[in-house]
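Below is one structure, written out as structure tokens, with a few remarks after it.
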Amino acid sequence: MRDRVRVVVQGKGRRAWHARRVGLAGALWVAGELALTVGVVVMLLVVHQVWWTNRQALSAAHEVVRALEEGASPSGADGEGGVDGEGEPAVEDSVGSSDGADGDGSSGGASAGNSGPRTVKPPPRESAYGILRIPRLGVAVPVAQGVDKRSVLDKGYAGHYAGTAQPGAEGNFALAGHRNTHGEPFRYINRLRAGDELIVDVRGKRYVYLVGQTLAETTERDTGVIAPVPRSTVTPGAGYSEPGAYITLTTCTPEYSSKYRLVVWGTLKR
């Protein structure tokens with residue numbers, strides 16, 4: 001009698017153990033399916049952010065460059081770039097390649113050489129009003145007033161910092177651009193060397209700047225890099241000490257990170 005009871009209890013134990021195995025296997029299967037689904041979603045998000053946004057922003061930016069070269073009014077800007085008020089952006093941070101530029105940085109309708117430092121009326125806020133050409137990198141990128149990410153930088157534009165000089169004027173014409181994603185116009189500005197040209201075309205005028213210095217890394221709070229006389233407040237000796245007509249390019253560094261800022265400075269070619 002005792003032996004029969006033991007057999008029955010043993011059978012129940014086996015069934016319970018089997019049920020636990022089945023339940024564990026099912027749970028692992030569900031967990032695996034969820035992990036696979038999450039992985040696919042993450043991969044699609046990465047593809048969208050890194051690849052699709054680049055294609056989309058780059059294509060749109062090229063169209064704006066073409067419109068500016070042909071004398072059209074992209075992004076709702078009027079043909080002359082006139083605007084009431086200052087329309088200047090707030091300081092913020094934020095590049096890649098653009099294959100829409102000709103190698104020598106030439107453009108139809110732009111006058112050769114510089115017209116010298118001058119006072120220029122600020123263009124419409126957040127509207128593309130000029131073209132920045134970087135011949136060494138094969139880049140031609142629209143320049144817009146403001147550095148708002150959604151309305152300027154994420155469109156693949158170079159954004160003009162608030163309170164900084166207009167192109168060709170005395171002071172510091174300071175720009176920000178993405179280094180990764182959204183057209184990434186400033187991705188390779190770390191490759192620029194002293195003497196390289198930075199060409200700015202605005203309403204039939206051309207201003208040529210020559211790269212002078214590069215600051216490989218600084219903090220996002222180093223506002224001295226976009227001062228009228230640009231000079232780092234973090235890295236002693238980086239920057240300039242005399243008034244002049246400067247250009248500043250800023251972007252995030254290292255790549256795929258916004259921890260620090262990379263800065264390139266140039267001076268107007270006289």
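A quick yes/no check of all residues on (1) outside any loop (DSSP other than H, G, I, E, B); (2) surrounded by 24 or more Cβ atoms within 10 Å (Cβ to Cβ); (3) not β-branched (Val, Ile, Thr):
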{"residue": "THR181", "(1), (2), (3)": "no, no, no"}
{"residue": "ALA194", "(1), (2), (3)": "no, no, yes"}
{"residue": "ARG206", "(1), (2), (3)": "yes, no, yes"}
{"residue": "LEU210", "(1), (2), (3)": "yes, no, yes"}
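From the list PHE173, PHE186, exactly one residue is surrounded by 24 or more Cβ atoms within 10 Å (Cβ to Cβ) and part of a loop (DSSP other than H, G, I, E, B). Which is it?
PHE186
Answer with yes or no whether VAL225 is among the β-branched types (Val, Ile, Thr), surrounded by fewer than 22 Cβ atoms within 10 Å (Cβ to Cβ), under 20 Å from the mean Cα position of the chain (by Cα) and not in a loop (DSSP other than H, G, I, E, B).
Details: among the β-branched types (Val, Ile, Thr): yes; surrounded by fewer than 22 Cβ atoms within 10 Å (Cβ to Cβ): no; under 20 Å from the mean Cα position of the chain (by Cα): yes; not in a loop (DSSP other than H, G, I, E, B): yes.
Considered against the rule, which asks whether it is among the β-branched types (Val, Ile, Thr), surrounded by fewer than 22 Cβ atoms within 10 Å (Cβ to Cβ), under 20 Å from the mean Cα position of the chain (by Cα) and not in a loop (DSSP other than H, G, I, E, B), VAL225 comes out as no.
With the requirement that a residue be of a type in the set (D, E, K, R) and within 15 Å of GLN166 (Cβ to Cβ), what does the range 193-229 give you?
Taking the range 193-229 and keeping what is of a type in the set (D, E, K, R), we get 193, 196-197, 201, 203, 205-206, 217, 220-222.
Passing the criteria: ASP201, ARG203, LYS205, ARG206.
Taking the range 234-259, which residues are surrounded by fewer than 17 Cβ atoms within 10 Å (Cβ to Cβ) and over 16 Å from ASN172 (Cα atoms)?
VAL234, PRO236, GLY237, PRO254, GLU255, TYR256, SER257, SER258, LYS259
Please name all residue pairs, on different chains or six or more residues apart, with Cβ atoms under 6 Å, provided the first residue is in the range 226-253 and is on the phi > 0 side of the Ramachandran plot and the second residue is not polar (S, T, N, Q).
Correct list of pairs: GLY239/PRO230; GLY239/ARG231.
Determine whether VAL202 is touching a Pro at 6+ places or on another chain (Cβ under 9 Å) and closer than 19 Å to GLY138 by Cα. Spell out how you get there, then give the answer.
Details: touching a Pro at 6+ places or on another chain (Cβ under 9 Å): yes; closer than 19 Å to GLY138 by Cα: yes.
For VAL202, the condition - touching a Pro at 6+ places or on another chain (Cβ under 9 Å) and closer than 19 Å to GLY138 by Cα - is met.
Select, from VAL147, VAL143, the only residue that is part of a strand (DSSP E or B) and either of a type in the set (A, V, I, L, M) or at pLDDT below 90 (or both). First the steps, then the outcome.
Working: VAL147 fails: part of a strand (DSSP E or B).
On inspection, the qualifying residue turns out to be VAL143.
Do you know which residues across the range 232-270 are aliphatic (A, V, I, L, M), part of a strand (DSSP E or B) and farther than 16 Å from THR164 by Cα?
Initial filter on the range 232-270 (aliphatic (A, V, I, L, M)): 234, 238, 245, 247, 249, 262-264, 268.
Imposing the further condition that a residue be part of a strand (DSSP E or B) reduces the set to 245, 247, 249, 262-264, 268.
Scanning the range 232-270 gives a single hit, LEU262.
The values are calculated or read from the model by the stated rules, or taken from the named source; none is laboratory data. From a predicted model like this one, the values you see are computed outputs, not experimental measurements. So basically every Cβ, Gly included, is an ideal-geometry build from the backbone, and we count neighbours across all protein chains shown.
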